[in-house]
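Peer 1: Mind having a look at this structure? Questions to follow.
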Amino acid sequence: MELPRREPEDVSLLARIAQGDLDCFQLFYQRFGGRVFAYARQLCRDRELAEDVTQEVFTAVWAKAGSFRPERGDAAGWLYGMTRNRLIDHWRRASSRAEVGALDDHRHPARGNCGEGVEALLSVQQALGAVAPEQRRAIEMAYFGGLTYEETAARLELPLGTLKSRIRSGLRTMRTVLDG
């Protein structure tokens, strides 16, 4: 069974959000809010930080929906990229505050633990940047987008075997980059 493609609908929703349509924004949030939160939680186990980042991402969607470019990827990828970047920003700020003694890791252990993964996250992001765009999109959808291989293949309109080959090749490239 093939899943219906949502991309054109997502693009039109974002265009209407850019015009200030609150109903479209609510529909877009209902569609993606849970996935963005789950992705943030996957990157950082701190529930409070994941909630804050999810709110920041959707505030940015409201303010910057007109900047979405469908030729650069789908709406989900755009949201996951914003989520990742917002988390990195939080970790960098927390890291710089820790350097000047403003962050008390004893009072906020979850935040301290979350920041320790910044270097690893940046390494993975760099490795993902070395992957071919069609491989990167498949990896992001399957691993960070919470989609199954079957759902990813349907969204990308690919046979399942082709999708798996792209992901395997992309992961091999990432492993080479990460191994140095």
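The values are calculated or read from the model by the stated rules, or taken from the named source; none is laboratory data. Predicted, not measured: the structure shown is a model, and the values here were computed from it. Note that we place each Cβ from the backbone using ideal geometry, even for glycine, and neighbour counts take in every protein chain shown. The area values use the complete protein model at the heavy-atom level, side chains included, leaving out ligands, DNA and RNA. Shrake-Rupley method; radii C 1.70, N 1.55, O 1.52, S 1.80 Å.
Peer 1: Working only within region 77-90, note down all residues that are open to solvent by 10 Å² or more (accessible area, probe 1.4 Å) and either over 22 Å from residue 128 (Cα atoms) or among the hydrophobic types (A, V, I, L, M, F, W, C) (or both).
Peer 2: 78, 82
Peer 1: A further question follows. Kindly indicate which of 41, 5 is surrounded by fewer than 16 Cβ atoms within 10 Å (Cβ to Cβ), touching a Lys or Arg at 6+ places or on another chain (Cβ under 8 Å), on the phi < 0 side of the Ramachandran plot and at pLDDT below 95.
Peer 2: Just a single option satisfies the conditions, and that option is 5.
Peer 1: What are the pairs, 6+ residues apart or on separate chains, where a residue within region 67-81 that is free of Cβ contacts under 8 Å to residues at least 40 places away in the same chain has its Cβ under 6 Å from a residue that is among the aromatic types (Phe, Trp, Tyr)?
Peer 2: 78/68
Peer 1: While we're on this one: Does residue 61 satisfy the condition of being open to solvent by less than 30 Å² (accessible area, probe 1.4 Å), closer than 26 Å to residue 152 by Cβ, at pLDDT 90 or above and under 13 Å from the mean Cα position of the chain (by Cα)?
Peer 2: no
Peer 1: If you check 81, 112, which single one turns out to be within 23 Å of residue 25 (Cβ to Cβ), assigned to a helix (DSSP H, G or I) and at pLDDT below 90?
Peer 2: 81
Peer 1: When region 124-180 is examined, which residues are found to be among the polar types (S, T, N, Q), under 21 Å from residue 82 (Cβ atoms) and either open to solvent by 70 Å² or more (accessible area, probe 1.4 Å) or more than 17 Å from the chain's Cα centre (by Cα) (or both)?
Peer 2: Within region 124-180, 126 is the sole residue that qualifies.
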